[in-house]
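Please read the structure below before turning to the comments.
The values are calculated or read from the model by the stated rules, or taken from the named source; none is laboratory data. Everything numeric here is computed off the predicted structure, so don't read it as measured data. No Cβ is skipped: glycine too gets one built from the backbone with ideal geometry, and neighbour counts run over all protein chains shown.
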Amino acid sequence: MTEEAAFTPLVDAHCHVDLYPDPQAIIDASESSGIHTLAVTNAPSVFHHTRQLAAGKKFVRASVGLHPELAYTHAGEVDQLTSLLKVTRFVGEIGLDNTERDKEVRQIQRRVFDMILHECASYGDKILTIHSRRASKDVLDAIGTDYPGRVILHWFSGPLRDLSVAVARGFFFSVNPTMIRSTNGQRIVASIPRDRLLTETDGPFTMIHERACEPGDVQEVIEFLAQQWNVDVREARATVQENFQRMVDAPA
Ligand code: MN
């Protein structure tokens, strides 16, 4: 086998490329190393910059989002997000965050999330990367049982009963280096079927060796999965790559 044929791309299914000091450098590194990188954004108004940086790249996809923690202040940007659905299949970071205590803010979060889900459903082939901190049940309720598209629950930390529901609905889960260092995260990873597992960094919000994680750091998750699954690192890497490819290839 040639070296090229043996090459399996890594996958960073949730990375805030635009929030690093040098976004272009992150994108260039993903492109030259062959790391499938979903460049999520937190508001429609900042999507354009990431989209420009990712233009023409084979491994980097720009994703339009409206982060739940910005939903209240940026609710007026939902229309912008809706029109940007014409130019990308990838949507995120979106979702709900129940660490927010203000009832009104939570209601707006939910309304914004519902509107985005509704618009995405009309396309049928959107790939969503979803935040669900202390809100996994509400996120599952909002998505419902017949959402036509792909769902990735990013950094899932909810109860295993909600995880089972998500598995039954065909959802994917993206796992980062911080998750595999916590007991709860390890318990969750052990419960995710191998054919639904993706890797992510959520960089630059996660740290490794006292610096912000970058897409290549998903290798640490791959090594952990190899141990968990009792397979070699190459096989774990191939499984995650196959999952990503299947998710992207098949429309719903
Ligand atoms: Mn994130």
Within the stretch 232-252, can you find the residues that are within 19 Å of the chain's Cα centre (by Cα), more than 18 Å from Ile180 (Cα to Cα) and in a helix (DSSP H, G or I)?
Ala238, Gln241, Glu242, Asn243, Phe244, Gln245, Arg246, Met247, Val248, Asp249
Would you point out which residue out of Ser174, Ser164 is at pLDDT 95 or above, under 27 Å from Ala29 (Cα atoms) and among the small types (Gly, Ala, Ser)?
Ser174
Apart from one, (1) under 15 Å from the mean Cα position of the chain (by Cα); (2) without any contact (Cβ under 8 Å) to a residue 40 or more places away in the chain all hold for Arg150; the odd one out is (2)
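Which residues, counting only those in the stretch 11-29, are among the β-branched types (Val, Ile, Thr) and closer than 14 Å to Gln219 by Cα?
Step one: filter the stretch 11-29 for residues among the β-branched types (Val, Ile, Thr), giving 11, 17, 26-27.
Scanning the stretch 11-29 gives a single hit, Val11.
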Selected residue (criterion: nearest to the ligand (Cβ to nearest atom)) from residues of the stretch 187-231 that are in a loop (DSSP other than H, G, I, E, B) and within 16 Å of Ile152 (Cα to Cα)
Asp202
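Being touching a residue at least 24 places away in the same chain (Cβ under 8 Å) and touching a Phe, Trp or Tyr at 6+ places or on another chain (Cβ under 6 Å), is that true of even one residue in the stretch 217-231?
Here is the first cut: in the stretch 217-231, the residues touching a residue at least 24 places away in the same chain (Cβ under 8 Å) are 217-222, 224-225, 228-229.
This time we only want the ones that are touching a Phe, Trp or Tyr at 6+ places or on another chain (Cβ under 6 Å), so: none.
Among the residues of the stretch 217-231, not one is touching a residue at least 24 places away in the same chain (Cβ under 8 Å) and touching a Phe, Trp or Tyr at 6+ places or on another chain (Cβ under 6 Å), which makes the answer no.
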Any idea how many residues of the stretch 127-170 are away from the ligand (no atom under 16 Å from the Cβ), touching a Phe, Trp or Tyr at 6+ places or on another chain (Cβ under 9 Å) and closer than 20 Å to Val240 by Cα?
6
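Does Pro44 fit the bill of being buried (at least 18 other Cβ atoms within 10 Å of the Cβ), of a type outside the set (A, V, I, L, M, F, W, C), closer than 21 Å to Ile108 by Cβ and away from the ligand (no atom under 13 Å from the Cβ)? So that I can check it myself, show each step before the final result.
Values: buried (at least 18 other Cβ atoms within 10 Å of the Cβ): yes; of a type outside the set (A, V, I, L, M, F, W, C): yes; closer than 21 Å to Ile108 by Cβ: yes; away from the ligand (no atom under 13 Å from the Cβ): yes.
Here the answer is yes, as Pro44 does meet what is asked.
I'd like to check which helices (runs of 4 or more DSSP H) are fully inside the stretch 59-172 and have at least 1 residues that are touching a Gly at 6+ places or on another chain (Cβ under 7 Å).
Numbers: elements: 78-84, 103-123, 136-143, 160-168.
Filter on the stretch 59-172 gives 103-123, 136-143.
Name every residue in the stretch 45-58 that is outside any helix (DSSP H, G or I) and not hydrophobic (A, V, I, L, M, F, W, C), in order of residue number. It would help to see each step written out before you state the result.
Filtering the stretch 45-58 down to residues outside any helix (DSSP H, G or I) leaves 55-58.
Once the filter is applied, which keeps residues that are outside any helix (DSSP H, G or I) and not hydrophobic (A, V, I, L, M, F, W, C), the stretch 45-58 yields Gly56, Lys57, Lys58.
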